[in-house]
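Shown next, in structure tokens, is the structure this report addresses.
The values are calculated or read from the model by the stated rules, or taken from the named source; none is laboratory data. On a predicted model such as this, the values are computed, not experimentally measured, just so you know. For neighbour counting, all protein chains shown are included, and Cβ atoms are generated from backbone atoms with ideal geometry for every residue, glycine included. All accessible areas refer to the heavy atoms of the entire protein, side chains included, with ligands and DNA or RNA removed. Shrake-Rupley method; radii C 1.70, N 1.55, O 1.52, S 1.80 Å.
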Amino acid sequence: MSREPIRQAPGEPPAGRWSRRRVAIARILAECEDFVSAQRLHAVAAEGGLRVGLTTVYRALRELEAHGRVDVVRDGGGERLYRMRPSGEHAHYLLCRSCGHSRAVDAAVVETWAEDVSETAGFDEVEHTVELTGICTGCRRGPPD
């Protein structure tokens, strides 16, 4: 499999040398509106004619996560869901437990709190996970009559 150097741009994988399949996975993920599982991303790739193994999808997602290019949340069953980070900034999301729709939320207060707790406790390089879930307006209304 040949590797190609790529430029980093919004919705693209980190700079460096990536296989064409991994680049394709990153681009497919960037087109997804909401968070998706690795299995769903694999299925979308297959539906689009990309022959790629699930292991390659997981590797691409792990590398994107390591470079801060994706946001990750867990669904109700604990499965990791991924979405290409729209900006270089870490974000928090409110995720619908029914349909999976997500919405970025202003999380400045969470970031400030995490920094204050870290400093008070004398910790460095602190990471945090905040899971906000609920039922979106569309699911609350139910199906149309």
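For the list (1) part of a loop (DSSP other than H, G, I, E, B); (2) in contact with a Pro (Cβ under 7 Å, 6 or more places away or on another chain); (3) among the charged types (D, E, K, R), I need the number of the one condition that Glu33 fails.
(2)
Among Arg97, Arg51, which is touching a Gly at 6+ places or on another chain (Cβ under 7 Å), free of Cβ contacts under 8 Å to residues at least 40 places away in the same chain and either within 26 Å of His128 (Cα to Cα) or open to solvent by 30 Å² or more (accessible area, probe 1.4 Å) (or both)? Break it down into steps so the answer makes sense when it comes.
On the way: Arg51 fails: touching a Gly at 6+ places or on another chain (Cβ under 7 Å).
Step by step, each of Arg97, Arg51 is checked, and only Arg97 is touching a Gly at 6+ places or on another chain (Cβ under 7 Å), free of Cβ contacts under 8 Å to residues at least 40 places away in the same chain and either within 26 Å of His128 (Cα to Cα) or open to solvent by 30 Å² or more (accessible area, probe 1.4 Å) (or both).
Please determine whether any residue of the range 120-131 is touching a residue at least 24 places away in the same chain (Cβ under 8 Å) and open to solvent by less than 70 Å² (accessible area, probe 1.4 Å).
Yes, that holds for at least one residue.
Being over 18 Å from His128 (Cα atoms) and open to solvent by 40 Å² or more (accessible area, probe 1.4 Å) is the filter; apply it to the range 55-90 and report the residue that is modelled with the lowest pLDDT.
The residue in question is Ser87.
Can you tell me which residue within the range 36-48, out of those that are assigned to a helix (DSSP H, G or I) and of a type in the set (Gly, Ala, Ser), is surrounded by the fewest Cβ atoms within 10 Å (Cβ to Cβ)?
Among them, the one singled out is Ala46.
For the range 98-129: of the residues being under 20 Å from Met84 (Cα atoms) and in contact with a helix residue (DSSP H, G or I) (Cβ under 6 Å, 6 or more places away or on another chain), which is modelled with the highest pLDDT?
Checked the range 98-129; the qualifying residue modelled with the highest pLDDT is Cys99.
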